[in-house]
1. So the check is Cβ under 8 Å with 6+ separation or different chains; which pairs have a first residue in the stretch 9-20 that's touching a residue at least 12 places away in the same chain (Cβ under 8 Å) and crowded, with 17+ Cβ neighbours inside 10 Å and a second one that's in a loop (DSSP other than H, G, I, E, B) and among the aromatic types (Phe, Trp, Tyr)?
2. If you take the residues of the stretch 45-78 that are part of a loop (DSSP other than H, G, I, E, B) and under 17 Å from residue 31 (Cα atoms), which of them is modelled with the highest pLDDT?
Amino acid sequence: MVINNAVKLLRKHSETAVDMEEVVHGRDGSLSLIQMTLGSGSNNTTVYLLDITVLRRTTSEVGGLHSILEEESVQKVLFDVRGDADSLA
C-alpha cells in the first residue's frame, strides 16, 4: 500500500513538511487531507497526498502516520497548526 511505503520513507529522514486540511475546523471537525513530503535535505521531491475522507480511517490507523507526527526525533515543519491540532485531538 502506498501509505505504508510513504511511512517507511518518512521514518528514514529527520525532517518532514506536513499540511492538513479539515472538513470543518476545530474540535468538532474532521481531518480530510494530509500532505507530507521529505525535508529540504532530501533529493526526493515526492509529495504524499492522503485523502483521509476516502480512506475512511482515523489518522492513527493510516499506515502509522500518527506515530510519525508524535515522533520526537522527526522535525515537523508546519504552518498555522492550530486548526490541525484541534482536529487531531
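The values are calculated or read from the model by the stated rules, or taken from the named source; none is laboratory data. Everything numeric here is computed off the predicted structure, so don't read it as measured data. Neighbour counts run over all protein chains shown; Cβ positions are idealised from the backbone, glycine included.
1. The qualifying pairs are 19/79.
2. Here is the first cut: in the stretch 45-78, the ones part of a loop (DSSP other than H, G, I, E, B) are 45-46, 56-58, 62-64, 71-74, 78.
Then drop every residue that is not under 17 Å from residue 31 (Cα atoms), which leaves 56-58, 62-64, 78.
On the way: 56: 62, 57: 57, 58: 53, 62: 64, 63: 59, 64: 74, 78: 83.
Checking each candidate, the answer is 78.
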